[in-house]
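The values are calculated or read from the model by the stated rules, or taken from the named source; none is laboratory data. As the structure is a prediction and not an experimental result, all values here were calculated from the model. Ideal geometry is used to build each Cβ from the backbone, glycine not excepted, and the neighbour counts take in all protein chains shown.
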Amino acid sequence: DVKVTQSSRYLVKRTGEKVFLECVQDMDHENMFWYRQDPGLGLRLIYFSYDVKMKEKGDIPEGYSVSREKKERFSLILESASTNQTSMYLCASSFALGQALQATNTGELFFGEGSRLTVL
Amino acid sequence: SQQGEEDPQALSIQEGENATMNCSYKTSINNLQWYRQNSGRGLVHLILIRSNEREKHSGRLRVTLDTSKKSSSLLITASRAADTASYFCATGYSTLTFGKGTMLLVSP
């Protein structure tokens with residue numbers, strides 16, 4: 001089974017701290033994604049990556065950066081945490097179109113268990 | 001970006017009853033996916049229906065797609081308490097955009 005592992009389930013940080021959220025997948029997926037999930041707002045895409053050292057902005061990239069030095073690892077960085085970044089962060093990965101052996105590659109996302117970040 | 005919106009926002013039923021959730025989206029799609037999320041956990045992929053399909057089954061799940069109305073429905077038959085979760089539809093080409101979800105509560 002595909003496994004997407006997020007390093008921390010719960011974090012509590014102070015305003016202004018630098019925060020690293022780590023995500024590792026074990027299925028050789030090309031694509032990796034970071035979403036945040038807030039009540040009433042649903043899931044919103046922060047950043048995604050199609051390949052090592054590649055990154056693309058999602059819908060809400062402000063206040064975040066990412067790093068993808070290895071194919072299996074995608075890190076989300078909060079340079080200076082703020083209280084409005086208190087949220088549930090979800091990492092996901094998927095095959096790229098054409099990467100999967102089956103012809104019906106469809107972009108199914110595999111999610112980690114989430115990291116609940118509280119910024120005080 | 002494309003976006004699905006689920007309806008209703010919340011649904012409460014008894015075990016054994018069927019649960020139907022709907023999703024509407026705005027632009028053309030290549031496929032539509034449904035995901036489930038247990039409280040405080042990550043999302044799990046349930047089923048995908050392609051734009052040229054009208055209905056698809058997987059166990060107790062039945063998904064329909066009407067591209068002319070830009071809508072999809074997810075039916076869970078013979079619901080169990082363990083089906084209690086939030087259900088999301090998602091669409092997109094290079095990235096997936098999720099709706100806000102339907103929260104399903106199945107009471108014993």
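When the residues of the stretch B:60-108 are narrowed to those that are away from chain A (no Cβ under 14 Å) and β-branched (V, I, T), which ends up surrounded by the most Cβ atoms within 10 Å (Cβ to Cβ)?
Of everything passing the filter in the stretch B:60-108, B:I76 is surrounded by the most Cβ atoms within 10 Å (Cβ to Cβ).
Condition check ((1) surrounded by fewer than 16 Cβ atoms within 10 Å (Cβ to Cβ); (2) closer than 20 Å to B:L43 by Cβ; (3) modelled with pLDDT under 95) across all residues:
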site	(1), (2), (3)
A:F20	yes, no, no
A:V24	no, yes, no
A:M27	yes, yes, yes
A:R36	no, yes, no
A:L41	yes, yes, yes
A:D51	yes, no, yes
A:I60	yes, yes, no
A:T83	yes, no, no
How many residues are of a type outside the set (F, W, Y), outside any strand (DSSP E or B) and in contact (Cβ under 8 Å) with a residue 60 or more places away in the chain if we restrict to the stretch B:67-94? 6
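Which ones in the stretch A:56-68 are touching a strand residue (DSSP E or B) at 6+ places or on another chain (Cβ under 8 Å) and either more than 13 Å from B:T95 (Cα to Cα) or part of a strand (DSSP E or B) (or both)?
Initially, the stretch A:56-68 is screened for residues touching a strand residue (DSSP E or B) at 6+ places or on another chain (Cβ under 8 Å), giving A:56-61, A:63-68.
If the condition is that a residue be touching a strand residue (DSSP E or B) at 6+ places or on another chain (Cβ under 8 Å) and either more than 13 Å from B:T95 (Cα to Cα) or part of a strand (DSSP E or B) (or both), then A:E56, A:K57, A:I60, A:P61, A:G63, A:Y64, A:S65, A:V66, A:S67, A:R68 are the ones that fit.
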Just to verify a result, which residue in the stretch B:1-41, among those that are over 13 Å from the mean Cα position of the chain (by Cα) and at pLDDT 95 or above, is farthest from the other protein chains (Cβ to nearest Cβ)? B:G16
Test each condition in (1) at pLDDT below 95; (2) more than 18 Å from B:G92 (Cα to Cα) for A:L97 and report the one that comes out false. (2)
Yes/no for B:Y35 being crowded, with 17+ Cβ neighbours inside 10 Å and either polar (S, T, N, Q) or farther than 20 Å from A:L90 by Cβ (or both): no
